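No lab work stands behind these numbers, since they all come straight from the coordinates. Computed from a predicted structure; not experimentally measured. All Cβ positions, glycine included, derive from the backbone under ideal geometry; neighbour counts span all protein chains shown.
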Amino acid sequence: MADKKGGNGEVRDIKDNVKEFKNSQNPKDLSDLKKDAQEEIKKQEDLIKELQDEIDKLATKDIVVQMMMSLSSLAYKKMGIPIGTNDKFKNKEQARLAIDCFDSLLKAVGDEASAQERDNLQSSLTNLQMNFVKAFGV
């Protein structure tokens, strides 16, 4: 009768399932999983350390130039370029700020950059400025 009410029969089934689960668990399997997890954590920590070491080797100039490239991309996006793709991002003030920051960083990099790098960055600035005039009719 207990089975019809869902009482003792269900409890007995649950207890049997728990026993079966416990018996199926091999402590060696669990320790292997723990060991694998610890090894994966160690690999991740080593990778982070390697990346940090590489970042530490970068010169400030390299980081500034990377920032300038990001500003250039942002400026084009804020100018709505390419047309049809970035129209919704078009914002004159934001584009001007990105270009002005690029210009300031170019001046700050000064002699740290090689002549070729300076020429390339100056060319990028000129292109940004010309596209700004085209985009906003200034």
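General observations
- Conditions (1) touching a Lys or Arg at 6+ places or on another chain (Cβ under 6 Å); (2) under 16 Å from MET130 (Cα atoms); number of the one not met by SER72: (1)
- Any hit, the range 78-91, residues being loosely packed, with under 10 Cβ neighbours inside 10 Å and either assigned to a helix (DSSP H, G or I) or of a type in the set (A, V, I, L, M, F, W, C) (or both): yes
- Scanning the range 92-121 for residues being small (Gly, Ala, Ser), part of a helix (DSSP H, G or I) and on the phi < 0 side of the Ramachandran plot gives a total of 5.
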